[in-house]
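The values are calculated or read from the model by the stated rules, or taken from the named source; none is laboratory data. Values in this document were obtained by computation on a predicted structure and should not be read as measured data. A quick note on method: Cβ atoms are made from the backbone with ideal geometry, for glycine too, and the neighbour counts reach across all protein chains shown.
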Amino acid sequence: MQTLTVALDDRSYPIHVGPGVLRQQALVQAAIPAQSVLLVSNATVAPLHAAPLKAALADRNVVEVIIPDGEQHKSLATAGRMFDVLVANRIGRDAVVVALGGGVVGDLAGFVAACYQRGIDYVQVPTTLLAQVDSSVGGKTAVNHPGGKNLIGAFHQPIAVLADTDVLATLPDRELRAGLAEVIKYGLICDSGFFAWIEANIGALLARDPAALTHAIHRSCEVKAGIVARDEREQGERALLNLGHTFGHAIEAATGYVEWLHGEAIAAGMLIAADLSHRMGALTRADVERIEALLARAGLRTQAPRMGAEKAAGYMSIDKKVQAGRVRLVLMQGFGRARFTADYDDAALRDTLRAHFGP
């Protein structure tokens, strides 16, 4: 097991990564110190992975909330049902919410923890690769709105992250591939050496080699922890973590959050961002082809849905990164270098949208 720290002064917290984390009873009990616990999971994950958590917390008052599986359930309605459970069980401010699941469960549970009685503690126990390398770290919590993804939310840091790599053995292949999109993102935005390592080890990652997965998760969390410590509330550098997300969120919203997994949409979005970066002169065509080749080798979707450029632009216009009516984008400046900017050529953006989404 390896432990990283997200350094946020008195709100710093550990990320424990490695095999068998959930079987370490003392570690679980220390990470979840409250006597009253709301355990949030979904109908797919709970039967597979809730048992060791509940065994470690056998002496606590544990109330379970099991939600349906799927991005479409990351909603205010689902959050409302969770608030009802908290109130009905008279759970107080000294409780801890435990999120056992992927990004949907983690975002929902964190949002509820941020709001209930103006904020209670929560612990992330991510069970997908995407959640382990991205959404469980950094304190972004949210629910979706029909008009866009993650439009209603709050910054609320967990008190611990327990990332057990053993749980990935039950992860469907498609979910594993979706998580690799976020791993690839870290190489593109700030570590070209890590990108090259992924290229060399993509076969081992797809085969779920424990050493390869542990390294990929550890390095991804290491990068994100450092960025979050320097820019917790996304005033600058943290925005780089959104490479591909403005385009990807448009794909998710346009398809009702059911046809594309988040990582799949981000993969297509990163390729669109790379193409725009090429049109702006920051990448070569060979660079874009190299990125596309790795995404394809990872089994990820690279062709955006043909919704039309105007419709895609409409979804992008309500992105959280819009300022003074202008969409701000994360664009690449080279391998391992990116920038967050509103300074791009509008004609190049229109051409890029038409090329990927259709006229």
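Details
- Odd one out for ALA268 among (1) modelled with pLDDT under 95; (2) on the phi < 0 side of the Ramachandran plot: (1)
- Matching option when the condition is in contact with a Leu (Cβ under 7 Å, 6 or more places away or on another chain) and surrounded by fewer than 18 Cβ atoms within 10 Å (Cβ to Cβ), among GLU199, GLU182, GLU237: GLU199
- Verdict on ASP275 being in contact with a helix residue (DSSP H, G or I) (Cβ under 7 Å, 6 or more places away or on another chain) and over 27 Å from PRO146 (Cα atoms): yes
- For region 161-187, the tally of residues that are within 16 Å of the chain's Cα centre (by Cα) and either on the phi > 0 side of the Ramachandran plot or part of a helix (DSSP H, G or I) (or both) stands at 15.
- Test result for ALA31, over 20 Å from the mean Cα position of the chain (by Cα) and closer than 14 Å to PRO126 by Cβ: yes
- A search for C-beta distances below 7 Å between a residue of region 72-88 that is assigned by TED's automatic domain parsing to the domain that holds ALA142 and within 17 Å of ALA43 (Cβ to Cβ) and any residue that is aromatic (Phe, Trp, Tyr) and not in a helix (DSSP H, G or I), counting only pairs 6+ apart in sequence or on different chains, returns GLN72/TYR257.
- Every residue from region 67-84 that is of a type in the set (A, V, I, L, M, F, W, C), surrounded by fewer than 16 Cβ atoms within 10 Å (Cβ to Cβ) and touching a strand residue (DSSP E or B) at 6+ places or on another chain (Cβ under 8 Å): LEU76
- Every pair of residues 6+ apart whose Cβ atoms lie under 7 Å, when the first sits in region 201-217 and is closer than 15 Å to GLN132 by Cβ and free of Cβ contacts under 8 Å to residues at least 12 places away in the same chain while the second is of a type outside the set (Gly, Ala, Ser) and assigned to a helix (DSSP H, G or I): ALA212/ASN201; ALA212/LEU205
- Qualifying position, being assigned to a helix (DSSP H, G or I), farther than 20 Å from THR141 by Cβ and among the polar types (S, T, N, Q), among THR246, THR214: THR214
- Spans of helices (runs of 4 or more DSSP H) in region 32-140 with at least 2 residues touching a His at 6+ places or on another chain (Cβ under 7 Å) and modelled with pLDDT of 95 or more: 103-115
- Odd one out for TYR344, checked against (1) within 26 Å of ARG177 (Cβ to Cβ); (2) in a loop (DSSP other than H, G, I, E, B): (1)
- Test: residue in region 85-93 that is under 30 Å from ASP231 (Cα atoms) and either surrounded by fewer than 20 Cβ atoms within 10 Å (Cβ to Cβ) or not hydroxyl-bearing (Ser, Thr, Tyr) (or both): yes
- Restricting GLY314, GLY358, GLY334 to those that are touching a Pro at 6+ places or on another chain (Cβ under 9 Å) and surrounded by fewer than 16 Cβ atoms within 10 Å (Cβ to Cβ) reduces the list to GLY358.
- Looking across region 132-179, the residues that are buried (at least 23 other Cβ atoms within 10 Å of the Cβ), within 17 Å of PRO210 (Cα to Cα) and small (Gly, Ala, Ser) come down to ALA163, GLY179.
- Taken across region 48-64, residues that are under 23 Å from the mean Cα position of the chain (by Cα), surrounded by 17 or more Cβ atoms within 10 Å (Cβ to Cβ) and of a type outside the set (A, V, I, L, M) do occur, with at least one present.
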